[in-house]
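Quick note: the coordinates plus some simple rules give every number you see, no bench work behind them. All values derive from a computational prediction rather than experimental measurement. All Cβ positions, glycine included, derive from the backbone under ideal geometry; neighbour counts span all protein chains shown.
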Amino acid sequence: MGKPKIASVWLEACAGCHMSFLDIDERIVDLLGKVELTATPITDIKTFPEVEVGVIEGALGNEEELHLAKELRERCKILIAWGDCAVFGGINCMRNFLPAEQVLKEGYVDTVSTVNPDGVLPRQDLPALLPQAIPVDRAVRVDVYVPGCPPDADTIYYVFSEILEGRIPTVPTDIMRYD
Amino acid sequence: MSDITLVIDGVECRAAKGDTILQVARRNDIYIPTLCWMEGLTPIGSCRMCVVEVEGNPKLLTACTTPAENGMKIHTKTEKLKQYRLQILELLFAGRNHFCMFCSQTGDCELQRLAIEHGMDKVRYPFLYEPFHNDATDPNIQLDHNRCILCLRCIRVCAEKVGAHTLDLEKRGWGTNITADLGKMLGESDTCVSCGACAQVCPTGTITLRDFVYRGRRNDCDDQVESICPLCSLGCRIKAYVRTGSVARVEGLSANSPDGGQLCHKGRWGLPKSTERDRLTAPMIRTGSSFREASWEEALNLIASKLGSASKAGRAGALLSELSTDEELSVVSSFFRDTMKMDKVDGFFGNMLRGFVKGFQPFADQGIRPFTGAHNILESDAIVVIGANPQEEAPVAASYIRVSTIIERAKLINLSAGKNPFDGITDADIRAALPGEMEKVLVSLREAVEGGPEPKEPAMAESARVLREAKKPVFVIGSSLAEHPSLVTEALNLAVASKAFFDDGLGVVPMLRGGNCLGALNTVIGESDWLSESELDFLYVLSTGMVDEDKRSLEAMTRARFVVVHTPFMVHPLVNMADVLLPAPAWFERSGHYCTLEGERRRMNMIVPPKGNLKGLSVIMDELAGKLGLELQPASAAPCENVYEAKSPSTSARTVSLKEVR
C-alpha cells in the first residue's frame, strides 16, 4: 500500500485554514514523506480521487459547495471539518439572519458602490444559493472537528499526526480556539 | 462559623449555615464553572453551568443558589455533569449570534472560555439565526442583543450596585431581551447614568464600550495595574489595563468593596480619554502668542528670577490642584510655605474647602471627626441630601444613595434650592433657597427632632418624623453649602440632633470634588481667599488637567503678570494663560497617596512610566530653592491622616450655636 492520500477543498471561506496549514513550515516536508496531497487548493488539482482523509475548509452556502462536500464525503474514509466556517458556519452565517433573496439584492443591487441599473441578479451563471449557509455536518457526516479562525498550524499538524497514528483525534482544550 | 461539614469531590469542607455550595467550593479551591454568577451580585442560578450532583437527590442542583447542608456529599466533575454543561453551552451558541470571529470581545469572552474549557468542537443543535436588534443609540455603550445569553448580570449590577435600575427584561422565551427604561433604546434612557458597569460585567460581547473595544481586549493587554481614581474624594479603586505603553481601559476593581467594583461615568471615560490628549513633554517659554521649547535650566532660571523679586514684594502666589498626590502637595507646600515663607498658597477648590472647614470647626474643636465614609450611606436607614447633586459631585455616592433607598428601603429626604436630584425616590422633598430659607429649614427640622414644635408643612413634618425614628441617618452635604459655612454647621447640628453617629465620625458626607481635598487641607489651603482679589507678579499653577478650572482661578491667572503652568496636558484655556509651561506627569504616570473621604490613605500607582523630558517635583523645587540661594525646608504640614482625626467618639458630639461660626 502506498502513502495515505489527502484531498482538501476550499468552500465558503477565506482560505485562511489552508494558509494556516502551510504555516506548519518545514514540517510539511516530513508530512509529505508520509502522505500524498491529491486534489487540494495547494496542488490545484480539482477532482477528488479515492482518499483516506478528506478535509473541508468553509461552510456550505450554495449548490456547488453542497455537491463538493457530498462528493468528498463519498470518496474519503475520514472527513475533517477545518476551521470555524466548516464547524459552526462562521462568518458566512451573517447572511442567515436575512432571507437569501434579500442578501443577493443587497450584494448585487443595493450596495452604494454597485452599478446595476437593471437590477440583474445572477441566475444560471452562478451556483444557486442555499437558503442558509450551513456547517458541513448539517449536510454530511464529519469525523473530526477542528474549530479555529483559523486553527493554529500546530493544531492542524497535531490532527494529521494523530490520524497517521491510526487515531481519530479531538482537539485538546489547551489548543482549541474559535477566533 | 464552621458549624456544618460537607464533602465536595471527596474533600471534607467546613462551612457556615447559609453558605452556598459554590461559596464553600471556592473557599476550598474546588472549581465549579459559572456564567451568570458574579461575585457581589445576587445569585440567580439561571445559566445552569454550576449544576452539581448531590448524593441522594435525583435532581441536579445549581451550586450558586443551593445552600450547603450538613452531611451533603457533592460531586462537581462527573461525566454526566460535563455532558449537561456542554449541552448548555451548545444551546447557548445555537441560540443567537455567537460566532467569535467577528466579535470584538473574542478572547475576553467568558462564554467562549467555558466552551473551549468543555471541549465544545461542534454544536449539535440547529442554529436559530433569529435576528435581534443592535442598540447603538448610546454614545458610549453599545448593546448588541444578538450576542446576549440573558445571564442578567447587567440588570443585577445596574439595580444592585448602581441603583439606577435602567435595565430589565422584555418579552418572553426565545424573544426575551434586555431593555432600558421598560422599552426604550439605551441612548433614550432617562435613568441610565452612563457608568458603564453593565459592560464591565457582561460576559460576552453584548454590552461593549466603544472607547475600549478597539483599544485592545483585556487579554491583549500587557499589564494590569491597580490604582485609584483621582477625580473625587471617594477615591474608587481602579484597575488599568496597559497596552503598548498606554492605558487601554479602566475598570472598577473589587466586587467585594462597598462600591461593588463600579466606577462613575467620569472615572470610566474621563480617565482613559485623557490619554489621547496632547501632552506637554518639555518646558516651554512664551514668545509672543506662541511658545518655544526651552531647557529646564533656562525655564527654571527664568522662574527663579521672577519669583525672587515677586516674593520679596509679597506679590507671588501658588495655586495647586487638589487632584495632586499628598507627596506632591507636601513638596510644593514645603517650598512655597516653609522655604519661600509665602502665605499666598491655595487650591483650586480653596473657597469650597474653606467653607467646609469653617463649618466643621466647632465640631473639630470637640475632637469629633465631622464626617464619615460615603460607603456608610449603604448602612444608613435615612438619608438627607442637603444642597447636593451627588450624581455630579461624587457619582458613586449617588449610587449608594439610590441602592440604600430602593433596595435597603432607607428613607430619602432632599433639601435643595433647585431641582430634586433624586426625583421619584424621595420620601420628602423640600425647596429652600440658600442661605436664608435653608437655614430656617435646618433649624426648624433640628428643633422638631429635638422635641420642639412639629413643623406644619407636610414634607417638613414627614422629614422630622423620619429623622426621629432613624437609627443611623446620614447627611449628604453638597459643595453649594460650603459657600455658607453656617449652613454646614447647621447641617452638622441636625446630624448630631438626629444621632447620626458612626464609628469613624459624624454621619455627614461632604461632596468633595477633588480626589485629595482632605490632603490639601493641611498643606496648601490658605486661611483666606487671597486669590480673588490678587494682583500678582508671579503665579505658579500646578494642574492635573483633569478638571476644568473655575472662573476665580482663571481670572486670577489673567490678572497675574507672570504665570507658570505646570501641567501634563496642553489644556486650554490654562495654556493660554502661561508664560512658562512645565511638563508634569499625567495621572497614569504618577504614584503617591490620596486622603480619601473613606478614611483611608489610598495609593495611586504608576500605570505607565512618564514620557517626555520630565523632572520630579521635589527636584524642581530643590533646584528653584538653590537658584534663589535657599535650602528646601522639610514640610511643616502634618500628614493628612491627622486631619480631622477622631479624638472623641461621634456619640459625644453636641450641637453648637451658630454664633461660633458667624
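Near A:Thr114, once Lys and Arg are set to +1 and Asp and Glu to -1 for all other residues with Cβ below 13 Å from its Cβ, the sum equals -2.
Counting Lys and Arg as +1 and Asp and Glu as -1, what is the net charge of the other residues whose Cβ lies under 11 Å from the Cβ of B:Pro139? Before the final figure, lay out each step's value.
Numbers: positive: B:Arg210; negative: B:Asp138, B:Asp211.
Result for the local shell: -1.
Evaluate 2.2 N^0.38 Å with N set to the residue count of chain B, then give the Cα radius of gyration divided by it. If you can, show how the numbers build up before the last one.
On the way: Rg = 27.9 Å, N = 662, 2.2 N^0.38 = 26.0 Å.
It is 1.08.
Since only A:Leu37, A:Ser20, A:Phe48 are under comparison, the one whose Cα sits farthest along the positive direction of the charge dipole of chain A, derived from C-beta charges on Lys, Arg, Asp and Glu, is A:Phe48. In terms of its C-alpha gyration tensor, region A:1-74 comes out oblate, because a/c is 1.5 or above while a/b does not outweigh b/c.
For q values of 0.20, 0.30, 0.32 Å⁻¹, compute log₁₀ I(q)/I(0) with the Debye formula on a Cα-only model of region B:291-334, without solvent. With one equal scatterer per Cα and no solvent, log10 I(q)/I(0) is -0.87, -0.95, -0.97. Mean-square fluctuations from a GNM of chain A, with a 10 angstrom spring cutoff on Cα atoms, peak among A:Glu12, A:Glu106, A:Glu50 at A:Glu106.
Using Cβ contacts closer than 10 Å as the measure, can you line up B:Trp296, B:Trp587 from fewest to most?
Least to most surrounded, the residues fall as B:Trp296, B:Trp587.
Summarise the long-distance tail of P(r) for region B:126-274 by giving the % of C-alpha pairs beyond 26 Å. Before the final figure, lay out each step's value.
Values: 2799 of 11026 pairs.
Distances greater than 26 Å cover 25 percent of the Cα pairs.
Here region B:227-280 is treated as a Stokes sphere of Kirkwood radius computed over C-alpha pairs; at 37 °C and 0.692 mPa s its diffusion coefficient rounds to 283 µm²/s. For B:Lys312, the lysines whose Cα falls under 18 Å of its own Cα, not counting residues fewer than eight places away in the same chain, are B:Lys341, B:Lys344, B:Lys627.
Below 8 Å between Cα atoms, with a sequence gap of 6+, how large is the relative contact order for chain B in percent? Each step should come with its number before you reach the end.
Values: 1439 pairs, mean separation 95.4, N = 662.
Computed over chain B, the figure is 14 percent.
Within the P(r) computed for region B:4-77, what percentage of the Cα pairs occupies the region above 14 Å? For region B:4-77, the fraction of Cα-Cα distances above 14 Å is 52 percent.
Rounded, prolate or oblate: which one fits region B:353-513, using the alpha carbon gyration tensor with axes a ≥ b ≥ c (rounded when a/c is under 1.5, else prolate when a/b beats b/c, else oblate)?
Numbers: a/c = 1.19, a/b = 1.05, b/c = 1.13.
Rounded, since a/c falls under 1.5.
Put the Cα centre of region B:1-65 next to the Cα centre of region B:579-607 and the gap is 42 Å.
Before anything else, pin down the relative contact order of chain A: Cα pairs under 8 Å, at least 6 apart, normalised by residue count, whole percent. Mind dumping the intermediate values first?
Numbers: 333 pairs, mean separation 44.9, N = 179.
That works out to 25 percent.
For chain A, the percent of C-alpha pairs falling in each 5 Å distance bin, counted from 0 to the bin holding the largest distance, reads 1, 8, 16, 20, 19, 13, 9, 6, 4, 2, 1, 0. Calculated on the Cα set of region A:82-130, radius of gyration then Dmax: 13.0, 40 Å.
Comparing B:Pro634, B:Ser46, B:Val547 along the charge dipole axis of chain B, the residue lying farthest to the positive side is B:Ser46, per the Cβ-charge model. The relative contact order of region B:480-635 comes to 15 percent, based on Cα pairs under 8 Å that sit 6 or more residues apart.
Amide H to amide H, which residues 5 or more places from B:Ile8 or on other chains are under 5 Å from it, using H placed in the peptide plane? When sequence neighbours closer than 5 places are left aside, the close amide H contacts are B:Cys13, B:Ile74.
The long axis of helix B:395-406 is offset from the longest Cα principal axis of chain B by roughly 50 degrees.
Averaged across the residues of B:255-268, what count of C-beta atoms belonging to other chains lies within 10 Å of each residue's C-beta?
Values: counts 0, 0, 0, 0, 0, 0, 0, 0, 0, 0, 0, 0, 0, 0.
Average neighbour count from other chains, rounded to a whole number: 0.
If you model the protein assembly as shown as an ellipsoid using its alpha carbon gyration tensor, with each semi-axis the square root of five times an eigenvalue, the axes come out at 60, 35, 25 Å, biggest first. Counting charges near B:Gly478 (Lys, Arg +1; Asp, Glu -1) among other residues having Cβ under 13 Å from its Cβ returns a value of -1. Cα centroids of region B:490-530 and region A:38-86: how far apart, whole angstrom? About 74 Å separates the Cα centre of region B:490-530 from the one of region A:38-86. Each residue of region B:620-630 was assigned a 3J(HN,Hα) from its phi angle through the Karplus curve 6.51 cos²θ - 1.76 cosθ + 1.60 (θ = phi - 60°); the sequence is 4, 5, 5, 5, 4, 4, x, 5, 8, x, 10 Hz, with glycine and proline shown as x.
Separation of the alpha carbons by more than 32 angstrom is noted, of A:Lys3/A:Lys70; B:Lys77/B:Lys122; B:Lys122/B:Lys239; B:Lys161/B:Lys472, for B:Lys122/B:Lys239.
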